[in-house]
1. Are there any GluC sites (Glu not before Pro) in region 24-120 that are in a DSSP loop and have at most 13 other Cβ atoms within 10 Å? List them by number.
2. Which whole DSSP H helices in the chain pass both tests: a Cα extent of 20 Å or more along the axis and a mean Kyte-Doolittle value no lower than 1.6?
3. Of Gly48, Ile96, Val79, which is farthest on the positive side of the dipole of the chain, counting Cα position, with +1 on Lys and Arg Cβ, -1 on Asp and Glu Cβ, and the Cα centre as origin?
4. Which value, in nm² and rounded to one decimal, describes the direction-averaged projected area of the C-alpha convex hull of region 73-120?
5. What translational D, rounded to a whole number of µm²/s, comes out for the chain from Stokes-Einstein when the hydrodynamic radius is the Kirkwood one over Cα pairs, at 37 °C and 0.692 mPa s?
6. For the chain, set up a GNM with springs between Cα atoms under 10 Å and report which of Ala13, Ala39, Ala75 has the largest fluctuation.
7. Compare Leu82, Leu72, Leu15 in a GNM of the chain, Cα atoms joined below 10 Å, and give the one with the largest fluctuation.
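Nothing in this text is a laboratory measurement; each read-out follows from the coordinates by a stated rule. This structure is a prediction, so every number in the text was calculated from the model and none was measured. Neighbour counts are summed over all protein chains in view; Cβ atoms, including those assigned to glycine, are modelled from backbone coordinates with ideal geometry.
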Amino acid sequence: MTDRALSEEAMLASLRDIYLPVEAAGGFAADIAVVIGLASFAALLLVGVFRLVSLKARAAPVESPLAGLQDLPEADRRVALLHLLREAAPERYAAIRGAIYEPGGGVDLATLEAEVRARA
């Protein structure tokens, strides 16, 4: 180093002489490792985005529990409605449980369906 200050032109000229080496430290193996790392990261990001999109696409709106009961015979429909009522309103199911075994079928099917609609 010198004791005297450099001129502005001398500093600018010395800055222009600074350059980075063409080949990085580690050579070709380091370049390959960086490419593999970046590709892996990009793949993980894409998988995450596709997973989020597919989860939202799979989530279908919840149907009414009564939707599939219209095609069932009356006896099976009554049993299914009773099961739904027991899950939705156990206190109401307990109140009509004794009437289920009465001659004539107990609770009317339309009434049972209305109660399930109101509570489910």
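1. Loop-located and lightly packed - Glu63.
2. Span-like helices in the chain: 27-58.
3. It is Ile96.
4. Average of the hull's projected areas for region 73-120 equals 2.9 nm².
5. 147 µm²/s
6. Comparing Ala13, Ala39, Ala75 in a Gaussian network model of the chain, the most mobile one is Ala13.
7. Greatest mean-square fluctuation among the candidates belongs to Leu15.
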